[in-house]
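Visitor: Would you mind keeping the following structure in view while I ask a few things?
Since every read-out is calculated from the coordinates, none of them should be taken as a lab result. Predicted, not measured: the structure shown is a model, and the values here were computed from it. Please note: Cβ atoms are built from the backbone with ideal geometry, for glycine as well, and neighbour counts cover all protein chains shown.
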Amino acid sequence: MKALIQQLSEATGPSGYEAPVRELVKSAVAGLADELRVDALGNLIASKGSKSQDGLRVILTAHLDEIGLMVTHVDEKGFARFATLGDALPQTLIGARVRFLNSAQGVIGGEQLDSGEKLHRLDQVYIDTGAAGREKSLVQVGDVAVFDRPFLDLGQRMVGKALDNRVGVAAVIEVMRRLETTPHEIYFTFTAQKVVGDRGATVAAYGVDPQLAISLQVTPSGDTPKARLAEIALGHGPAIKVRDSGMICDPRVVRWMTETAENAKIAYQLEILEGGTSEARAIQITRGGVPAGCVSIPCRYLHTSSELIDYEDVQKSVALVVELLSRPVPWL
Amino acid sequence: MSPSTTAKQASPAIGPAQIELLERLCNAVAVSGDEREVRAIVLKELEGVADQIQVDALGNVLAARRASQPGALRVMLAAHMDEVGMMLMEEEEAGVFKFETIGGIDQRQLPGKAVLVGKDHLPGVIGVRPIHFYSAFAELETIPVEELRIDLGPENGKKAKPGQRATFATRFWQAGPSLIAKALDNRLGVATLIELVRRPPENVELLAAFTVQEEVGLRGARVAAFALNPDLAIAVDSTPANDLPAWDGSENVSYNTRLGMGPAIYLADRGTLSDPRLIRHLAATGDALDIPYQFRQAGGGGTDAGAIHRQRTGIPSVSVSVPGRYAHTAASIARRQDWENTLALLYHTLERLTPVLLEADR
């Protein structure tokens with residue numbers, strides 16, 4: 001799975017422009033799905049299995065998109081100002097290299113600030129594509145870029161751009177591979193436009209009309225020096241979400257997940273996330289309502305060009321989801 | 001910018017009749033949640049023109065024109081009828097009312113402005129202490145809306161009630177190449193849609209939605225899009241042009257849009273990542289027919305597309321706006337030429353639409 005994670009991390013797929021990474025996923029799951037389709041917003045929906053008497057129509061999602069940068073203006077000297085697709089802190093951008101969908105490249109620079117105490121605002125940073133003036137610029141208003149950063153294998157730990165959420169995408173693909181028998185009709189859904197507000201999941205869930213939803217993504221860990229308080233640490237296994245700022249997970253789903261993990265002897269932790277949410281938030285309130293829960297992979301340095309995760313957490317997350325979906329859901 | 005291409009002649013034009021319609025639309029009072037005046041104009045203008053017309057539960061006007069051939073793309077065009085404004089809250093004494101703002105209004109724009117209240121357009125003033133009674137300019141600070149009142153006078157005050165809406169009393173006028181009025185956001189869009197329903201391209205099924213409550217959260221568009229369930233959607237709006245030079249002579253790098261540069265095609269705003277296929281199609285149409293256009297800078301703000309594209313299983317959407325300076329104030333300025341080019345770009349974009357466009361990967 002490591003090779004797949006690397007490939008996905010290095011693929012390009014900013015919000016709204018997920019085609020390159022979608023193509024990659026499409027080829028990875030082509031032989032595994034009964035049916036494949038791409039909807040109007042760019043969600044890739046791969047269905048597998050048919051519903052047995054004690055089975056459910058289940059949606060399992062992982063978002064494809066990553067933070068993007070869109071050029072808003074190229075000034076007379078050739079520097080490109082930009083807006084972000086999804087949220088990124090300007091101070092984490094400076095020094096990062098970027099690659100445009102049209103294959104132009106550049107580096108992010110910042111204006112001189114009048115005080116060392118201040119942080120850059122987004123309108124004080126820019127992309128330098130090396131162009132010696134507006135006329136020479138290879139990028140124009142509307143061109144979109146992502147971080148340009150090779151994958152780094154640290155053994156147990158891995159670093160890469162867009163590991164949020166390509167590691168979740170890899171995990172869902174791995175679940176598809178490993179899931180041998182299931183009573184459920186499962187819609188493995190690789191969603192678009194998550195980081196701009198769960199937009200892909202909103203319409204995908206409407207289309208699938210599921211009876212149960214699970215989202216797989218990363219969650220910020222609290223195990224770094226002076227980190228924001230979060231009882232989440234790398235290497236402690238998948239985080240089963242209890243609540244976040246956008247949703248309260250169905251308590252039956254949370255119990256089902258924790259009990260399944262305990263029975264299968266898979267280490268897990270409980271996630272309460274403040275200041276963030278999952279696309280399961282949108283799925284939960286689709287149509288007449290959907291019982292929903294999340295399996296999260298702990299991650300450091302989210303929304304920067306170097307996100308860090310633990311490989312064992314990924315493998316255990318896959319194992320947990322395979323366990324969950326291999327049998328009928330006991331509480332329905 | 002050659003206007004001589006033959007194809008261009010086919011699009012509806014802006015003449016005295018269209019300007020007169022825009023004037024009536026801009027002078028109407030239609031603050032979010034009470035769009036009756038604009039709705040009445042729309043219904044009257046489209047009477048006998050639309051193949052089907054209805055007013056839905058929230059007050060959206062939905063007007064359809066059938067295509068000449070079966071199997072045509074069903075295209076939703078949305079323009080919001082409502083404008084930002086004020087609502088009377090409570091009468092304090094003879095004709096003096098507390099009020100609140102509806103939609104995004106800069107409070108510094110309020111003091112000293114003439115307003116029109118309710119369906120009778122009762123004239124009033126947002127009162128302010130005159131400069132005579134200040135000892136120093138330093139005292140002139142922003143007055144919060146809680147401390148402001150609308151003064152209708154004792155007689156008209158009796159005809160007004162809490163809950164009634166008010167707008168700035170600015171009258172529409174033309175000044176050379178410019179259109180000056182309140183509520184150009186979005187009566188320009190409403191007027192554009194009316195012209196397109198009157199003279200629709202025949203290859204598409206045109207589903208025009210004149211929406212309510214955009215300024216308070218895209219509420220009308222949401223239910224309209226659910227009901228219409230179109231193949232694709234274009235929101236037609238007016239977006240701010242913040243294009244004046246910077247005070248220190250430095251390059252203005254955040255203008256949003258610029259007057260005179262043609263219709264603004266949206267790439268990304270707070271609510272929508274425009275469908276790239278539709279962006280490309282609009283730009284290709286402009287390029288092929290020499291219709292000027294500009295890309296609106298990505299960033300904040302939003303249009304009805306933000307609600308529309310998330311309905312049902314997803315609706316490919318984009319927005320096109322006429323740029324206007326000083327939006328959401330008592331007087332904004334747009335260019336007639338930008339409006340004409342917006343109408344032309346929309347008409348020909350629709351005329352050149354085929355289902356093949358949406359068969360490609362986004």
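Visitor: Report relative contact order for chain A in percent, whole number only (criteria: Cα-Cα under 8 Å, sequence separation at least 6).
Guide: Working: 818 pairs, mean separation 75.6, N = 332.
Relative CO of chain A lands at 23 percent.
Visitor: Taking the Cα centre of chain B as origin, sum charge times position over the Cβ atoms of Lys and Arg (+1) and Asp and Glu (-1), and report the length of that vector in debye to the nearest 20. It would help to have the intermediate numbers written out before the result.
Guide: Details: 37 positive and 45 negative charges, 123 e Å.
In total the dipole reaches around 600 debye.
Visitor: Could you run the Debye sum over the Cα atoms of the protein assembly as shown, one equal point scatterer each and no solvent, and tell me log10 of I(q)/I(0) at q = 0.05, 0.06, 0.12 Å⁻¹, two decimals?
Guide: So the normalised log intensities work out to -0.27, -0.39, -1.31.
Visitor: Kirkwood hydrodynamic radius for segment B:271-362: how many Å is it when counted over pairs of different Cα atoms? Walk me through the numbers before you get to the answer.
Guide: Values: mean 1/r = 0.0684 Å⁻¹.
The answer is 14.6 Å.
Visitor: Given R₀ = 22 Å, what would the calculated FRET efficiency be for A:L32 paired with A:A267, taking r from the Cβ atoms and rounding to 0.05? The partial results should precede the final answer.
Guide: Details: r = 27 Å, r/R0 = 1.25.
After rounding, the FRET efficiency stands at 0.20.
Visitor: Debye calculation, C-alpha points only, no solvent: report log10 I(q)/I(0) for segment B:50-142 at q = 0.22, 0.25 Å⁻¹, in the same order as the q values.
Guide: -1.23, -1.37
Visitor: Next question. Could you give the distance between the Cα centres of segment B:285-328 and segment A:158-228, to the whole Å?
Guide: 30
Visitor: Mind listing the phi-derived Karplus ³J(HN,Hα) values for segment B:191-202, rounded to whole Hz, using 6.51, -1.76 and 1.60 with θ = phi - 60°, and x for any glycine or proline?
Guide: Along segment B:191-202, the couplings run 5, 4, 5, 4, 5, 6, 5, 5, 10, x, x, 7 Hz.
Visitor: Given the -39500 (n - 2.57) contribution per DSSP H run of 4+ residues, what per-residue ellipticity at 222 nm results for chain A, rounded to the nearest 500 deg cm²/dmol? Show your work: numbers first, answer last.
Guide: Details: 8 runs with 84 residues, N = 332.
Mean residue ellipticity, 222 nm, calculated: -7500 deg cm²/dmol.
Visitor: Over the Cα atoms of segment B:1-157, compute the convex hull volume and normalise it per residue, giving Å³.
Guide: Values: hull volume 33.4 nm³, N = 157.
Per-residue hull volume (Cα only) is 213 Å³.
Visitor: Going by how many other Cβ atoms sit within 10 Å of their own, how do A:E279, B:E359 line up, fewest first?
Guide: With the sparsest Cβ surroundings first, the list reads B:E359, A:E279.
Visitor: Equivalent ellipsoid semi-axes for segment B:79-197, as square roots of 5 times the alpha carbon gyration tensor eigenvalues: give them largest first, rounded to whole Å. Numbers along the way, then the final one.
Guide: Values: eigenvalues 159, 74, 33 Å².
Over the Cα atoms of segment B:79-197, the semi-axes work out to 28, 19, 13 Å.
Visitor: Kindly provide the helix-only [θ] at 222 nm of chain B, computed as the sum of -39,500 (n - 2.57) over DSSP H runs of four or more divided by all residues, to the nearest 500 deg cm²/dmol?
Guide: Result for chain B, helices only: -7500 deg cm²/dmol.
Visitor: Compute the angle between helix B:36-46 and the longest alpha-carbon principal axis of chain B, please, reported from 0 to 90 degrees and rounded to the nearest 10.
Guide: Approximately 30 degrees, to the nearest 10.
Visitor: Assign one of three labels to segment B:163-309, namely rounded, prolate or oblate, based on the Cα gyration tensor with a ≥ b ≥ c the square roots of its eigenvalues; rounded applies when a/c is under 1.5, prolate when it is not and a/b is larger than b/c, and oblate otherwise. Kindly include the intermediate steps, with their values, before the conclusion.
Guide: Details: a/c = 1.43, a/b = 1.17, b/c = 1.22.
The shape class here is rounded.
Visitor: Would you please report the Å³ per residue occupied by the convex hull of the alpha carbon atoms in chain B?
Guide: Numbers: hull volume 55.4 nm³, N = 362.
Considering the Cα atoms of chain B, their hull volume per residue is 153 Å³.
Visitor: Between B:A114 and B:E90, what FRET efficiency comes out of the Förster formula 1/(1 + (r/R0)^6) with R0 = 30 Å and r the beta carbon distance, rounded to 0.05? It would help to have the intermediate numbers written out before the result.
Guide: On the way: r = 21 Å, r/R0 = 0.70.
Given R0 = 30 Å and the Cβ-Cβ separation, E is 0.90.
Visitor: Now, a different point. Along the charge dipole of segment A:1-132, pointing to its positive end and built from +1/-1 on Cβ of Lys, Arg, Asp and Glu, which listed residue (A:S115, A:S9, A:G31) has its Cα farthest out?
Guide: A:G31
Visitor: Could I ask something else about it? Report, to the nearest 10°, how far helix B:336-351 tilts away from the longest principal axis of the Cα atoms in chain B, using its own Cα long axis and a range of 0 to 90°.
Guide: Compared with the principal axis, the helix lies near 30 degrees.
Visitor: Once you charge only the Cβ atoms, +1 for Lys and Arg and -1 for Asp and Glu, what is the size of the charge dipole of the protein assembly as shown about its Cα centre, to the nearest 20 debye?
Guide: Values: 72 positive and 86 negative charges, 175 e Å.
Charge dipole, the protein assembly as shown, about its Cα centre: 840 debye, nearest 20.
Visitor: Determine the gain in length on full extension of the stretch B:R280-B:S254; use 0.36 nm per residue of separation and subtract their C-alpha separation, reporting nm with one decimal. List each step's numbers first, then the result.
Guide: On the way: separation 26, 0.36 × 26 = 9.36 nm, distance 2.29 nm.
The B:R280-B:S254 span can extend by a further 7.1 nm.
Visitor: Exposure proxy check: B:T303, B:T257 ranked by fewest other beta carbons within 10 Å? Numbers along the way, then the final one.
Guide: On the way: B:T303 33, B:T257 26.
The most exposed by this proxy come first: B:T257, B:T303.
Visitor: Would you kindly work out the equivalent ellipsoid of segment A:96-148 from its C-alpha gyration tensor and give its semi-axes, the square roots of five times the eigenvalues, largest first in whole Å?
Guide: On the way: eigenvalues 108, 32, 16 Å².
That gives 23, 13, 9 Å for the three semi-axes.
Visitor: From zero outward in steps of 10 Å, how is the percent of C-alpha pairs of segment A:130-261 spread across the bins?
Guide: Pair shares across the bins are 8, 29, 34, 18, 8, 3, 0.
Visitor: Once each part is reduced to its C-alpha centroid, what is the distance from segment A:275-309 to segment B:66-90 in angstrom?
Guide: That distance is 34 Å.
Visitor: Still on this structure: What FRET efficiency, computed as 1/(1 + (r/R0)^6) with R0 = 35 Å and r the Cβ-Cβ distance, is obtained for B:E146 and B:L244, rounded to the nearest 0.05?
Guide: Working: r = 32 Å, r/R0 = 0.90.
Once rounded, the FRET efficiency stands at 0.65.
Visitor: For chain B, take the longest principal axis of its alpha carbons; what is the angle in degrees between that and the long axis of helix B:16-27, to the nearest 10 within 0 to 90?
Guide: For B:16-27 against chain B, the angle is about 40 degrees.
Visitor: Which entries in the list B:K113/B:K159; A:K2/A:K26; A:K26/A:K51; A:K51/A:K194 go over 25 Å, if you measure between the two C-alpha atoms of each? Write down the numbers at each step before the final one.
Guide: On the way: B:K113/B:K159 20 Å; A:K2/A:K26 18 Å; A:K26/A:K51 23 Å; A:K51/A:K194 28 Å.
Correct reply: A:K51/A:K194.
Visitor: Can you give the direction-averaged projected area of the convex hull of the alpha-carbon atoms in chain A, in nm²?
Guide: Numbers: hull surface 67.8 nm².
Dividing the Cα hull surface by four gives the mean projection, 17.0 nm².
Visitor: From the P(r) of segment A:243-319, could you give the percentage of C-alpha pairs in the tail past 20 Å? Walk me through the numbers before you get to the answer.
Guide: Working: 1172 of 2926 pairs.
Percentage above 20 Å: 40.
Visitor: Rounded to two decimals, what is Rg over Rh for segment A:1-112 when you use alpha-carbon atoms and the Kirkwood radius?
Guide: Working: Rg = 18.6 Å, Rh = 16.9 Å.
In segment A:1-112, Rg relative to Rh is 1.10.
Visitor: Calculate the length of the line joining the C-alpha centroid of segment B:341-360 to that of segment B:241-256, in whole Å.
Guide: 32
Visitor: Counting pairs of Cα atoms in segment A:188-332, how many percent are more than 21 Å apart?
Guide: 41
Visitor: Here's a follow-up. Where does each of A:262-275, A:315-328, B:110-123 land if you order them by average Cβ count within 10 Å, highest first? List each step's numbers first, then the result.
Guide: Working: A:262-275: 14.6, A:315-328: 20.5, B:110-123: 18.1.
By packing density, highest mean first, the sequence is A:315-328, B:110-123, A:262-275.
Visitor: Hey, if you drop one equal point scatterer on each alpha-carbon of segment B:171-214 and run the Debye formula without solvent, what base-10 log of I(q)/I(0) do you get at q = 0.20, 0.28, 0.29, 0.32 Å⁻¹?
Guide: Once normalised to I(0) and log-transformed, intensities are -0.76, -1.02, -1.05, -1.14.
Visitor: In segment A:155-182, whose amide N lies under 16 Å from the spot 7 Å out along Cα-to-Cβ of A:S52? List them in ranges.
Guide: Answer for this model: A:179-182.
Visitor: Right, here's the next one. I'd like the Kirkwood hydrodynamic radius of segment B:11-95, using the inverse of the mean 1/r over distinct C-alpha pairs, in Å.
Guide: Numbers: mean 1/r = 0.0642 Å⁻¹.
Across segment B:11-95, the inverse of the average 1/r is 15.6 Å.
Visitor: On to the next question. Per-residue mean of other chain beta-carbon atoms within 10 angstrom of the beta-carbon, peptide A:196-207? If you can, show how the numbers build up before the last one.
Guide: Values: counts 5, 6, 1, 7, 2, 0, 6, 7, 2, 1, 6, 3.
That works out to 4 on average.
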